[in-house]
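K.L.:
I am attaching a structure below and will ask some questions about it afterwards.
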Amino acid sequence: MRETIFLFLTFVLAGCATRSPSFIKGNEIVRQIPLGISSAEVKKALGQSVVIGYQRSPENTKEFLPITLKNPYRIDILKTADHRQYEVVFYLTHLKHADGLITDDELTPFVFEKDRLVGKGWNFLRHLKKNQNPPDEQ
């Protein structure tokens, strides 16, 4: 009986590691974030950390502790050919592989000009880097 309960909990916790509520909520929120808001409002909506899985407590082998990473994950400055400057804030929004690495395809870029959200997503950022008119938000 104990083995059955242990196996059940193992599968439940493994599922949590790959689809934690933080990521599900984060993906829904990303779609709903409107253009024109401040970076502080985006940070408030997405939070300052995200749970990516769980690990056993070193003190108590029956207890599991969340593994968290800070958000935003990375911040870059982008200067375009027309001398405009943007702050690109990368939020960890989903995991594709539970491999211990955070790759760009697991991040969502949010682009700010003068602390106002002007676009989000990789298509927007690619067009901006090419110094073209960014596409309409998808």
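K.L.:
What pairs can you find where one residue is in the range 113-138 and on the phi > 0 side of the Ramachandran plot and at pLDDT below 95, the other is part of a loop (DSSP other than H, G, I, E, B) and of a type in the set (D, E, K, R), and their Cβ atoms are less than 8 Å apart, with a gap of 6+ or different chains?
P.N.:
Here the result reads Gly121/Glu137; Asn131/Asp82, each pair linking the range 113-138 to a residue that is part of a loop (DSSP other than H, G, I, E, B) and of a type in the set (D, E, K, R).
K.L.:
Continuing with this model, one more query. Based on what the data block shows, is Tyr91 surrounded by 16 or more Cβ atoms within 10 Å (Cβ to Cβ) and touching a residue at least 60 places away in the same chain (Cβ under 8 Å)? Give the steps one after another, and end with the answer.
P.N.:
Working: surrounded by 16 or more Cβ atoms within 10 Å (Cβ to Cβ): yes; touching a residue at least 60 places away in the same chain (Cβ under 8 Å): yes.
Yes, satisfied.
K.L.:
Answer yes or no: is there a residue in the range 72-89 that is touching a Gly at 6+ places or on another chain (Cβ under 8 Å) and of a type outside the set (Lys, Arg).
P.N.:
To start, the set of residues in the range 72-89 that are touching a Gly at 6+ places or on another chain (Cβ under 8 Å) comprises none.
Scanning the range 72-89, I find no residue that is touching a Gly at 6+ places or on another chain (Cβ under 8 Å) and of a type outside the set (Lys, Arg), so the answer is no.
K.L.:
Suppose we filter the range 64-79 for residues that are β-branched (Val, Ile, Thr) and either in contact with a helix residue (DSSP H, G or I) (Cβ under 7 Å, 6 or more places away or on another chain) or at positive phi (or both); how many remain? Reasoning before the result, please.
P.N.:
Keep residues of the range 64-79 that are β-branched (Val, Ile, Thr), which gives 67-68, 75, 77.
Adding the requirement that they be either in contact with a helix residue (DSSP H, G or I) (Cβ under 7 Å, 6 or more places away or on another chain) or at positive phi (or both) leaves none.
Number satisfying all stated conditions: 0.
K.L.:
Let me ask something additional. Select from the range 94-112 the residues that are more than 15 Å from Asp76 (Cα to Cα) and touching a residue at least 24 places away in the same chain (Cβ under 8 Å) and write down the one among them that is surrounded by the fewest Cβ atoms within 10 Å (Cβ to Cβ).
P.N.:
Among them, the one singled out is Ala98.
K.L.:
Quick check, is Ala14 modelled with pLDDT of 85 or more, aliphatic (A, V, I, L, M) and part of a helix (DSSP H, G or I)? Walk me through it before giving the result.
P.N.:
Numbers: modelled with pLDDT of 85 or more: no; aliphatic (A, V, I, L, M): yes; part of a helix (DSSP H, G or I): yes.
Considered against the rule, which asks whether it is modelled with pLDDT of 85 or more, aliphatic (A, V, I, L, M) and part of a helix (DSSP H, G or I), Ala14 comes out as no.
The values are calculated or read from the model by the stated rules, or taken from the named source; none is laboratory data. Keep in mind that what you see is a predicted model, and the values were worked out from it rather than measured. Neighbour counts are summed over all protein chains in view; Cβ atoms, including those assigned to glycine, are modelled from backbone coordinates with ideal geometry.
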